[in-house]
Amino acid sequence: MAATDSSPQTAEPAAPSVASGIDNRAARFTQRSLARRIITRPEIGSLLGAIAVMVLFLAVAAPIRNLDAAATVLYATSTIGIMAAAVSLLMIGGEFDLSAGVAVISSALAGGMFTWWFGVNVWVGVLFALAFALAIGFINGYLVTKTKLPSFLITLGAFLILQGLNLFVTRVVTGAVSSPSISNMDGFDSAKAVFASTINIGGVGIRVAILWWIGFTVIATWILLRTKIGNWIYAIGDDQDAARAVGVPVKWTKIGLFMTVGFMAWFMGMHNLFLFSSIQSGGGVGQELIYIAAAVVGGCALMGGYGTAIGTAIGALIFGLTNQGIVFAGWNPDLFKFFIGATLLVAVVLNMWVRVRAQRR
Amino acid sequence: MTVDKEQPPILELTDIGKTFGNIRALSGVSLSVRQGEVTCILGDNGAGKSTLIKIISGLHSYDDGSYRVAGEQVKFASPREALDLGIATVYQDLALAPQQSVWRNFYLGSELTKGVWPLRMLDVETMRDTADEELQKMGIHVPDIDQPVGTLSGGQRQVVAIARAIHFGAKVLILDEPTAALGVKQSGVVLKYISAARKAGLGVIFITHNPHHAFLVGDHFVVLRQGELELSSPRKELTLDDLTHHMSGGADLDALKHELQRIEPPDVGAVHELAEAEQES
């Protein structure tokens, strides 16, 4: 799993410039060594961390040493990683979204209750939920760019508002604390196939969410490293005034990033909706911090301008491994949060150390 | 450096005035910039240098006088309009994103792409090679085009920002105190580069309060004082001493000197002797 993730970005900076550099200006050109280049990649800390955690659980938890367990670990990873991918893009762009966890539940509730209330095909509800989730992202982004207040505050407000609305609207519409089941409604099976099915590959049940997670990570990486918008995201997170001065549309890029988080919240919301067919209205709280933690463990700078989607995926993998490893090792699952916290601390210290060394060159 | 005086100025300000509320920031300032010529604007803090360049670069509007670019009267509403006419400003803060690579910064906001949407992607090879080539051409040797801009020296960063402005079609380059925060060697790098920009046929406006730096590269010198022209003179009518003299107050300084001479010197002399006596002891 790690091998497929790490190949594109390690190949990117090293190969071409070494070749073109040496022939034209041999002596003047002090190339950073390959080893230095690898060690200063944002992902390297999280990759080593993931290997360490993997080795730990392979050693202490015998039941984890098989493909089914690997599929379970990857699934746990994907439920964090899909959102974390969008959250990391936003963080690289220099902003936070504290409403990301609750927005997943809001989207799921919106889709589920819309479908149930109007008795329509679930795909209509799915599209309604998409519009709803994108609107949340747009409003967050619009308010942040318009008011220039820290996104921490704006999205903290959005987080509490959505949490309140989830409970309130669900109670008003259904008279209960969860949305009614939509499992017998038109289109449920096809929607489930897209968002929450399990595919059998070589006797191992692979959740489709894993494939989506890998796909989203690849797309996010491509956007960051190989598109104009990616260049803008890094620059905006780094120094938004500098970016604006050379003509980067800072406001729209940021709004787009918040809407990307909205899009992923919609996707995860649909995953939950079609997995369980009914959604608890009080869920999602605290997940936003797990996504942020995954991005930070994966090497994204808290203040923006630095990080990768691959690193974030590895950060999510560390949490997925920990989450399932604890269960397979027979430890108390209450320890999960403890391990996440400890991992986060170790990762930030390690990343800082690596970056200081990188600056020193 | 021979400057063809018959050539029409690319940028010409006549009797420009600007007031902020009841404060007169600039009045009666005239200035012209020709291609292949470096015009230095000097002045103390608060002399109106930054107001003047903000007017030239389109950040501020002006209240009196006229501003012509290539003979056309202009009144810019935004820096973008000035940029579109080829007037690029490199501010002290440079507008570079420190953690991004040199080539990404070079092309920031003007990225090259290839392919068709939705697979339209950055033309990384061309951008990296072109940025490297452009910098080489201007005599700047960045150790590694992939290194973060923040790891370059202050002088190199200035030069990258200048090279970028030139590459993207600047005809007039406004440099706001490019040597202010730099040591002697780094300043030398930037000054060499200003000279290269002039050779490339650009009109350069070099704002500084260091007359020594100005005199090394300038063709025309403008000294501002309290929002008015203290001096506007071509290089051949000026020596470094004149320039320094005008910089440090010029006519006012003369008047002060005169005044001081008229005051009978006894107490000054006494203090002076006292100081000398102290030094000897």
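Using R0 = 30 Å, the C-beta based FRET efficiency linking A:V60 and A:L289 works out to 0.65.
Taking the average, over residues, of other Cβ atoms within 10 Å as the packing measure, peptides A:113-121, A:78-86 rank A:78-86, A:113-121 from highest down.
Cα-based values for the protein assembly as shown, radius of gyration first and Dmax second, are 31.3, 109 Å. Once you charge only the Cβ atoms, +1 for Lys and Arg and -1 for Asp and Glu, what is the size of the charge dipole of the protein assembly as shown about its Cα centre, to the nearest 20 debye? The calculated dipole for the protein assembly as shown is roughly 2280 debye. Counting only DSSP H runs of at least 4 residues, each contributing -39500 (n - 2.57), and dividing by the residue count of chain B, the helix-based mean residue ellipticity at 222 nm comes to -11500 deg cm²/dmol. Projected over all directions and averaged, the alpha-carbon convex hull of region B:1-81 occupies 6.0 nm².
For B:D84, put the label point 7 Å out on the Cα→Cβ axis and report which residues of region A:237-253 keep their amide N under 19 Å from it. From region A:237-253, the list is A:244-250. Rounded to the nearest Hz, the phi-derived 3J(HN,Hα) couplings of region A:291-296 under the Karplus curve 6.51 cos²θ - 1.76 cosθ + 1.60 (θ = phi - 60°) are 4, 5, 4, 4, 5, 5, where x marks glycine and proline.
Would you mind giving the mean number of other chain beta-carbons within 10 Å of the Cβ of each residue in A:244-251, as a whole number?
Counting other chains' Cβ atoms within 10 Å and averaging over A:244-251 gives 5.
With respect to chain B, whose longest principal axis is taken over its alpha-carbon atoms, helix B:124-137 is tilted by about 30°.
Amide H contacts under 5 Å for A:T308: A:C300, restricted to partners 5 or more places along the chain or on a different chain, H placed in the peptide plane at 1.01 Å from N.
With +1 on the Cβ of every Lys and Arg and -1 on the Cβ of every Asp and Glu, and nothing else charged, how large is the dipole of chain A about its Cα centre, in debye rounded to the nearest 20? Could the numbers behind the result be given before it?
On the way: 22 positive and 14 negative charges, 227 e Å.
Its charge dipole is roughly 1100 debye.
Per-residue mean of foreign Cβ neighbours for A:274-280 is 0 (Cβ atoms of other chains, 10 Å radius). Legend: calculated FRET efficiency, A:V177 to A:D241, from the Cβ-Cβ distance at R0 = 45 Å, rounded to 0.05, equals 0.45. Give me the percent of the accessible area of the protein assembly as shown that comes from carbon and sulfur atoms, probe 1.4 Å, all protein chains in place. Summing carbon and sulfur atoms, their accessible area is 62 percent of the total for the protein assembly as shown. Helix B:251-262 and the longest principal axis of the C-alpha atoms of chain B enclose an angle of approximately 20°. Contact order for region A:45-351, expressed relative to its length and based on alpha carbon pairs under 8 Å spaced 6+ residues apart, stands at 38 percent. Pairs of Cα atoms nearer than 8 Å and 6+ residues apart set the relative contact order; for chain B it is 24 percent. Between helix B:266-280 and chain B there is an angle of about 70 degrees, using the helix long axis and the longest principal axis of the Cα atoms.
In chain A, the calculated helix contribution to ellipticity at 222 nm averages -25500 deg cm²/dmol per residue, counting -39,500 (n - 2.57) for every DSSP H run with n ≥ 4. With 23 Å as the limit, write out which pairs from B:K185/B:K236; B:K18/B:K192; B:K49/B:K171; A:K192/A:K254; B:K137/B:K192 have Cα-Cα distances beyond it, or answer none. Over 23 Å apart, Cα to Cα: B:K185/B:K236; B:K18/B:K192; A:K192/A:K254.
Projecting the Cα positions of B:A77, B:S233, B:A180 onto the charge dipole of chain B (unit charges on Cβ atoms of Lys, Arg, Asp and Glu, taken about the Cα centre) puts B:A77 furthest along the positive direction.
Of the chymotrypsin sites (Phe, Trp or Tyr not before Pro) found in region B:169-245, not one falls in a DSSP loop while having at most 13 other beta-carbon atoms within 10 Å.
Find the relative contact order for region B:7-90 and round it to a whole percent, using C-alpha pairs within less than 8 Å whose residues are 6+ positions apart.
Working: 137 pairs, mean separation 27.5, N = 84.
The normalised contact order for region B:7-90 reaches 33 percent.
Couplings 3J(HN,Hα) of region B:185-202, computed from phi: 5, 5, 4, x, 4, 5, 5, 4, 6, 4, 4, 5, 5, 5, 4, 6, x, 7 Hz, in residue order, whole Hz [Karplus 6.51 cos²θ - 1.76 cosθ + 1.60, θ = phi - 60°; x for Gly and Pro].
Averaged over peptide B:150-162, the number of partner chain Cβ atoms lying within 10 Å of each residue's Cβ comes to 1. When only the Cβ of Lys, Arg, Asp and Glu is charged (+1, +1, -1, -1), the dipole of region A:138-236 relative to its Cα centre reaches about 380 debye.
Under 5 Å between amide hydrogens, built in the peptide plane, is the criterion, and for A:T227 it picks out B:L122 among residues at least 5 positions away or on other chains. For region A:148-160, 3J(HN,Hα) computed residue by residue from phi via the Karplus equation (6.51, -1.76, 1.60; θ = phi - 60°) reads 6, 6, x, 5, 3, 6, 4, 7, 5, x, 4, 4, 5 Hz, glycine and proline entered as x.
The values are calculated or read from the model by the stated rules, or taken from the named source; none is laboratory data. Note that the coordinates shown come from a computational prediction; the quantities given were computed from them, not determined experimentally. Backbone-built Cβ (ideal geometry, glycine too); neighbour counts: all protein chains shown. Note: areas computed on protein heavy atoms with side chains; ligands, DNA, RNA excluded. Shrake-Rupley method; radii C 1.70, N 1.55, O 1.52, S 1.80 Å.
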